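Trainee: This is the structure, below, for whatever I ask next.
The values are calculated or read from the model by the stated rules, or taken from the named source; none is laboratory data. Note that the coordinates shown come from a computational prediction; the quantities given were computed from them, not determined experimentally. As a convention, Cβ positions derive from the backbone with ideal geometry for all residues, glycine included, and neighbour counts pool all protein chains shown. Just so you know, the surface numbers come from the protein's heavy atoms only, side chains and all, with ligands and any DNA or RNA stripped out. Shrake-Rupley method; radii C 1.70, N 1.55, O 1.52, S 1.80 Å.
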Amino acid sequence: MLDPCVPVVLLRIDPNPFHHGTLGAARSLGRCGVEVHVAAEAAGSPVARSRYVTRTHPAPRPEASPGEIAAVLRRTAARVARPAVLIPMDDAGAIAVSRLRTTLTEMFLLPEQPEHLAEYVADKARLPELCRAVGIEHPRTLLPRDEHEAYTAALELGLPVVAKWSHPWLLPPGSGLRSTCLVSSPEEAGNLYLKGAATGSELLLQRYVAAGPGSDWFFHGYADRHGALHGGGAGTKRHAWPRGAGLTAVGRWDHAPRLHAMAEHLVEALGYRGIFDIDFRRDAETGAYHLLDFNPRPGAQFRLFADAGGLDVVRAQYLDLTHQALPAARTLPGRTFIVENYAPLSALRALMAGTLPARRGPTSPEFAWHAQDDPGPARAMAAGWPRHAARR
C-alpha cells in the first residue's frame, strides 16, 4: 500500500522491554518493506526478535537531558545514513522530539507540530484547562501542595479517587509509582504524595467517574498536514490491566460518531499534527464523555484500527511525511485487539476460535505478540514475561 522509499526510526525512552506498541509499529511498516530501526531498550526485549526490525540502536537514558537525547539521535541517524521518518512511541520521546524539532529536521522527517504542543497536551495538570477551553468534559481535578492537602482533597472528591502524576514520564524506574491508580483512603492519598514528592511530577487527585459496561473509550488518529484524521477510530476497553485504571488488555473497534466529532474538534482547536491517542470515560449517570488523557504518540493498541486496506496511524504518518497519497478509510467495526500477557484466557479463546474457517475474516482479532509471519517475539515474550512480572 506504500512505497518504502525511506527508513523509519521508532524511538522509545521508557525502558519497557515488553512494549507491544513498538512491535506493532515495526510489523506494520516492515510488512510493507520499510527498513525499520528501533532506538529503544533491546536487552531482553522480544521486539528485537522480530524479523521486521532491521537494526536496534541504543536508547537515550530515561533521565537524559535534551542535549543527550539529541546526541543519541544524531548517532542513530549516522548509522541509518539517510533521512528517516521518526516516530516516538512514548510520551518522553514525543516531548523530547517536540523540544528538539528544529535540530532533528536536519536528520528526520517529522510532522509540522506547533512548538511545545506535545508537552502541553501530555501534561495531566494542564488537561482540565485545555478541556475547558475547547468545551469538552473533564472530571474535577485537584492539585494538592502537601500531604495534608492530599488527605483533604481525597475526602472532598469522594472515595475512591483517581491519582495521577502530571508528568508520568518523569517517574523513576523502580519507584513503584504507577502513572494512574485508584486511591481508596485519604491516608493512602497523603502517603502517595510523600512518596512522589521528589520525582519532579505533581500529584493530581481526580473525581472517579461512575463506570458502567462499555464506559472506557479511546480514540486514535493521525492528523495530516491539513488537519484531516486518518488511520484510527474509536474503541472500547473490554478488559484493562489493572482494572479500572490500566492499559487496554482487550479492545474492540466500535462505531462512535460523537467521539470522532470531539476528536476532530480538539485537533482543529489545537492545530495538532501527528499521531495521538485520547482516553475517554463515559459517565454512566449522565452519559457525558470525559476526556481523561491526551497522549501525543501512538497508543500501544493502535493496531486495533488497521482497516480493510491495511491503513493504521503509523502507516498514515509514513505516507503523509513521504508525500504519498493517503487512501480512503475502510473501517472494520467489531475488530478486536488482545494483549496475550495481560488477557491470557481471552487470547486462548480467540486462538482456538481462529482455527475454525467460519470464524476467520477481516474482523479477526489482532494479537499484540502472536503473528504467524513473525513468531519470534511471541516465543521470547512467553519465555521472559514470567520473570519480568515477578520482578515488578
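Trainee: State which residue pairs qualify: first residue free of Cβ contacts under 8 Å to residues at least 40 places away in the same chain and inside segment 188-205, second residue assigned to a helix (DSSP H, G or I) in any location, beta carbons under 6 Å apart, and separation of 6 or more residues or different chains.
Mentor: Close Cβ pairs satisfying both conditions: T199/L170; G200/L170; S201/L170.
Trainee: Any chance segment 193-207 includes a residue that's outside any strand (DSSP E or B), over 17 Å from D146 (Cα atoms) and open to solvent by 20 Å² or more (accessible area, probe 1.4 Å)?
Mentor: From segment 193-207, those outside any strand (DSSP E or B) are 193-202; that's our starting set.
From the residues that got through so far, the ones that are over 17 Å from D146 (Cα atoms) too are none.
No, the conditions are met nowhere in segment 193-207.
Trainee: Checking G233 against (1) at pLDDT 95 or above; (2) in a strand (DSSP E or B); (3) more than 20 Å from A316 (Cβ to Cβ), which test does it fail?
Mentor: Here G233 clears every test but (3).
Trainee: Tell me which residues, restricted to segment 254-276, are surrounded by fewer than 16 Cβ atoms within 10 Å (Cβ to Cβ) and closer than 17 Å to L110 by Cβ.
Mentor: Listed by number, the list holds a single entry, G271.
Trainee: Any residue in segment 106-122 that's within 13 Å of I275 (Cβ to Cβ): show its pairings with residues that are of a type in the set (F, W, Y) at Cβ separation under 6 Å, as long as the two are six or more apart or on different chains.
Mentor: V121/F294
Trainee: Among all residue pairs at least 6 apart or on different chains, which show Cβ distances below 7 Å where the first residue, located in segment 57-69, is in contact (Cβ under 8 Å) with a residue 12 or more places away in the chain and within 22 Å of E35 (Cβ to Cβ) and the second is open to solvent by less than 60 Å² (accessible area, probe 1.4 Å) and assigned to a loop (DSSP other than H, G, I, E, B)?
Mentor: Pairs found: A59/R12; A59/I13; A59/A40; P60/I13.
Trainee: Residue pairs, Cβ under 7 Å, 6 or more apart or interchain, first in segment 35-49 and under 10 Å from V9 (Cβ atoms), second open to solvent by 10 Å² or more (accessible area, probe 1.4 Å) and among the basic types (K, R). List them.
Mentor: H37/R55
Trainee: Any residue that is surrounded by fewer than 16 Cβ atoms within 10 Å (Cβ to Cβ) and among the β-branched types (V, I, T) - is there at least one of those in segment 114-133?
Mentor: No, there is no match, as no residue in segment 114-133 is surrounded by fewer than 16 Cβ atoms within 10 Å (Cβ to Cβ) and among the β-branched types (V, I, T).
Trainee: Whether any residue in segment 312-332 is among the hydroxyl-bearing types (S, T, Y), crowded, with 24+ Cβ neighbours inside 10 Å and within 30 Å of A380 (Cα to Cα) is what I want to check. Lay out the reasoning, then the answer.
Mentor: Within segment 312-332, the subset among the hydroxyl-bearing types (S, T, Y) is 318, 322, 331.
Now drop any that are not crowded, with 24+ Cβ neighbours inside 10 Å, which leaves 318.
From what's left, within 30 Å of A380 (Cα to Cα): 318.
Yes.
Trainee: Please tell me if E149 is open to solvent by 50 Å² or more (accessible area, probe 1.4 Å), of a type in the set (D, E) and farther than 24 Å from G196 by Cβ.
Mentor: On the way: open to solvent by 50 Å² or more (accessible area, probe 1.4 Å): yes; of a type in the set (D, E): yes; farther than 24 Å from G196 by Cβ: no.
In short, no.
Trainee: Which ones in segment 1-43 are among the charged types (D, E, K, R) and farther than 10 Å from V53 by Cα? Before you say what the answer is, go through the steps one by one.
Mentor: Narrowing segment 1-43 to residues among the charged types (D, E, K, R): 3, 12, 14, 27, 31, 35, 41.
Result: D3, R12, D14, R31, E41.
Trainee: Shifting gears a bit: For segment 218-253, which residues satisfy the criterion of being under 30 Å from S185 (Cβ atoms), surrounded by 23 or more Cβ atoms within 10 Å (Cβ to Cβ) and aromatic (F, W, Y)?
Mentor: Once the filter is applied, which keeps residues that are under 30 Å from S185 (Cβ atoms), surrounded by 23 or more Cβ atoms within 10 Å (Cβ to Cβ) and aromatic (F, W, Y), segment 218-253 yields only F218.
Trainee: Is it the case that some residue within segment 301-318 is assigned to a loop (DSSP other than H, G, I, E, B), over 12 Å from S364 (Cα atoms) and among the hydroxyl-bearing types (S, T, Y)?
Mentor: Kept after step one, since they are assigned to a loop (DSSP other than H, G, I, E, B), are these residues of segment 301-318: 301, 306-312.
From what is left, the residues that are over 12 Å from S364 (Cα atoms) are 301, 309-312.
Filter once more, so that each one left must be among the hydroxyl-bearing types (S, T, Y): none.
No.
Trainee: Would you confirm, using the coordinates I've provided, whether G176 is exposed (fewer than 14 other Cβ atoms within 10 Å of the Cβ), touching a residue at least 24 places away in the same chain (Cβ under 8 Å), out of contact with any helix residue (DSSP H, G or I) (no Cβ under 7 Å at 6 or more places or on another chain) and over 22 Å from F294 (Cα atoms)? Outline the logic, then answer.
Mentor: Values: exposed (fewer than 14 other Cβ atoms within 10 Å of the Cβ): yes; touching a residue at least 24 places away in the same chain (Cβ under 8 Å): no; out of contact with any helix residue (DSSP H, G or I) (no Cβ under 7 Å at 6 or more places or on another chain): yes; over 22 Å from F294 (Cα atoms): yes.
Criteria not met by G176.
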